[in-house]
1. Of everything in the range 70-98 that's more than 16 Å from ligand 1 (Cβ to nearest atom) and of a type in the set (Phe, Trp, Tyr), which residue is nearest to Ala147 (Cα to Cα)?
2. Select, from Gly29, Gly39, the only residue that is closer than 20 Å to Pro130 by Cβ, among the small types (Gly, Ala, Ser) and over 22 Å from the mean Cα position of the chain (by Cα).
3. Pull up the range 34-60, narrow it to residues that are at pLDDT below 95 and within 16 Å of ligand 2 (Cβ to nearest atom), then point me to the one that is surrounded by the fewest Cβ atoms within 10 Å (Cβ to Cβ).
4. The conditions are (1) touching a Pro at 6+ places or on another chain (Cβ under 7 Å); (2) free of Cβ contacts under 8 Å to residues at least 40 places away in the same chain, and Val249 fails exactly one of them. Which is it?
5. Please go through the range 211-267 and give me each residue that is among the basic types (Lys, Arg) and farther than 22 Å from Asn279 by Cα, ordered by number.
6. Which one of these is more than 15 Å from Ala129 (Cα to Cα) and touching an Asp or Glu at 6+ places or on another chain (Cβ under 8 Å): Pro53, Pro12?
7. Note down all Cβ pairs under 7 Å where the first residue falls in the range 232-246 and is under 18 Å from Gly257 (Cα atoms), the second is among the β-branched types (Val, Ile, Thr) and not in a strand (DSSP E or B), and they're at least six residues apart or on different chains.
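The values are calculated or read from the model by the stated rules, or taken from the named source; none is laboratory data. As the structure is a prediction and not an experimental result, all values here were calculated from the model. No Cβ is skipped: glycine too gets one built from the backbone with ideal geometry, and neighbour counts run over all protein chains shown.
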Amino acid sequence: MPKMRAVQVPRPGGPLEIVERDIPDPGPGYVRIKVQACGVCHSDTVTKDGLFPGIQYPRVPGHEVIGLIDAVGPSVPRWKPGQRVGVGWNGGFCGYCNNCRRGDFFACQTSTDVTGITRDGGYADYTLAPISALALVPDDLSSTDAAPLMCAGVTTFNCLRNSGARPGDLVAVIGIGGLGHLAVQFAAKMGCKTVAIARGKDEEPLARQLGAHYYIDNKTQDPSAELQKLGGAKLILATVTSSDAMKAVLGGLGVRGKLMVIGAVPSLEVNTLQMIFLNQSVSGWYSGTSIDSQDTLNFSVLSGVRSMNEAFPLDRVAEAYDHMLSGKARFRVVLNIGT
Ligand SMILES: NC(=O)c1ccc[n+]([C@@H]2O[C@H](COP(=O)([O-])OP(=O)(O)OC[C@H]3O[C@@H](n4cnc5c(N)ncnc54)[C@H](OP(=O)(O)O)[C@@H]3O)[C@@H](O)[C@H]2O)c1
Ligand SMILES: [Zn+2]
């Protein structure tokens, strides 16, 4: 039986172990992908630390996968060996199954099929994916550049294009990491007056290089007051991993402004009177489907949006993951796995 390298988490909170496994065969409706690159996302903590109910271990993380189809299972129309594809998180509650209707979201059949969470992901030489999760990668993007677009990219692009913000509107992005540095680029390319908010002055030159028209240092400045000086934000896209930082920026929303929560924080306190009198809202945003990912890849080629990456080989995966967690990566950590 031919073997491959895979990085598995043996148990919730366990280490990232490099092991040898059999190369898996695709079942009906699945393809096998020879992985070229896989991004390391903050949401990989879900697998590493067992943050969702019902994850089976050992589990291979990784939901920013780019590679070549090298085998197709039965009942796979259209997709062929040799095509370069991307696979993202691709989960999401369908909203119409019986489980969703009674509020038992984590039992939803759609949500129970999530790359790198409930089935093995892209921290490996090969992975399997259902055809519903595949996006075709345009030739003009390298695999390393395309990988972060499969989660960091699609989540922020899709959030922005569904937010109601229009060209000329004041759009702020708080949290300039893997997701945030792409959000700044997308917002600027969509014609929004774009504000980057991060802690420390050091981030400013890079934020401006990404296309930010304004920069706010939330360590030394009051981000709400600064946004109000600019007229109040139509949209604040929050990719920070801190609810205090989100709370501190909420006062920067303008009339009918919206804060969209992307960063996974346990809770967020809001000033309801401010929300009522100024017709404001707070809502969450969850990734996207495979066609949303394909739209993200194509928009990035069209507009020149690119992830800034720090690449690591698969055998340095633990170092790569710790670097992502440290917040020091500029800006996305990507595992370069194969050719
Ligand atoms: N909703 C979805 O569908 C979805 C999809 C993907 C990811 N996520 C979530 O989105 C979040 C971001 O993911 P990521 O991969 O972009 O993580 P990341 O690369 O670690 O970026 C997080 C950024 O937040 C910044 N930050 C943390 N606390 C801050 C504060 N108090 N003030 C200003 N900036 C602060 C960090 O900056 P420092 O350098 O200053 O620490 C870092 O740059 C995570 O919670 C992840 O789980 C959600
Ligand atoms: Zn992710």
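1. Among those residues, the one meeting the criterion is Trp79.
2. Numbers: Gly39 fails: over 22 Å from the mean Cα position of the chain (by Cα).
Unique residue meeting the criteria: Gly29.
3. Filtering first and then ranking leaves Leu51.
4. Val249 satisfies all of (1) touching a Pro at 6+ places or on another chain (Cβ under 7 Å); (2) free of Cβ contacts under 8 Å to residues at least 40 places away in the same chain except (2).
5. Step one: of the range 211-267, the residues among the basic types (Lys, Arg) are 219, 229, 234, 247, 256, 258.
Listed by number, the list holds a single entry, Lys219.
6. Details: Pro53 fails: touching an Asp or Glu at 6+ places or on another chain (Cβ under 8 Å).
Testing whether each residue is more than 15 Å from Ala129 (Cα to Cα) and touching an Asp or Glu at 6+ places or on another chain (Cβ under 8 Å) leaves just Pro12.
7. Filtered contacts from the range 232-246: Ile236/Val249; Leu237/Thr156; Leu237/Ile262; Ala238/Ile262; Thr239/Ile262; Met246/Val240; Met246/Val265.
Results for (1) of a type in the set (A, V, I, L, M, F, W, C); (2) in contact with a His (Cβ under 9 Å, 6 or more places away or on another chain); (3) within 16 Å of ligand 2 (Cβ to nearest atom), shown as yes or no for each residue.
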{"site": "Pro77", "(1), (2), (3)": "no, no, no"}
{"site": "Gly86", "(1), (2), (3)": "no, no, yes"}
{"site": "Arg102", "(1), (2), (3)": "no, no, no"}
{"site": "Thr118", "(1), (2), (3)": "no, no, yes"}
{"site": "Leu128", "(1), (2), (3)": "yes, no, no"}
{"site": "Leu134", "(1), (2), (3)": "yes, no, no"}
{"site": "Val137", "(1), (2), (3)": "yes, no, no"}
{"site": "Leu149", "(1), (2), (3)": "yes, no, yes"}
